[in-house]
Amino acid sequence: MTGETGGMSVLYAGRDSWEKNLPMLDRACSRAGVRLTIVSDRPWTELPAIYQSADLFCLPSLYEGSPKALWEAMACGVPTLASSAIDDRPPEGTTLLLDPHDEDAWAQAIRDTLQDPAAAQQRAARALLWIQRERDARVLTQREIEFVRSFVGD
């Protein structure tokens, strides 16, 4: 696969709105020679299989609070690229964060990621461990309970 990205697929899942920056991602994918798949309206139960069918997940938002789709892709073990405009950023080494306005950087990162699947899978594995440790529903629920108890007492 070295030097080639043909036949590879990049996935975006989420709302199709201007702040998601999809025209830029489409151009970057085209320049990288890969197909972009946009999923914006699917039953939730189908999403894991959709994520796992992708070679790379990208979230190029111009602004983003807590990126649920990014967490979902990470939980499915998919390599990811994300916008540096995310407020709730994942830790270093789990995804590459890119300027959402820099189409050249996105095209190059897409190519580089797809041409080095071993490095991409290492990042994806670190991301999955982080998701399991920090974003698991049970962990988040327990943290919420502890937070509320800190105000009202036991």
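General observations
- Any chance E146 is closer than 25 Å to E19 by Cβ and either more than 16 Å from the chain's Cα centre (by Cα) or crowded, with 19+ Cβ neighbours inside 10 Å (or both): no
- Qualifying residue in region 106-121 (condition: farther than 17 Å from L11 by Cβ, among the aromatic types (F, W, Y) and either in a helix (DSSP H, G or I) or open to solvent by 60 Å² or more (accessible area, probe 1.4 Å) (or both)): no
- Residue list for region 40-96, restricted to those being closer than 16 Å to L114 by Cα, open to solvent by 20 Å² or more (accessible area, probe 1.4 Å) and in contact with a Pro (Cβ under 8 Å, 6 or more places away or on another chain): D55
- Residue in region 10-25 that is within 16 Å of A124 (Cα to Cα) and either hydrophobic (A, V, I, L, M, F, W, C) or open to solvent by 70 Å² or more (accessible area, probe 1.4 Å) (or both) present: yes
The values are calculated or read from the model by the stated rules, or taken from the named source; none is laboratory data. None of the values given here were measured: they were computed from a predicted structure. Reconstructed Cβ throughout: ideal geometry from the backbone, glycine too, with neighbour counts over all protein chains shown. Heavy atoms of the whole protein, side chains included, go into the accessibility calculation; ligands, DNA and RNA do not. Shrake-Rupley method; radii C 1.70, N 1.55, O 1.52, S 1.80 Å.
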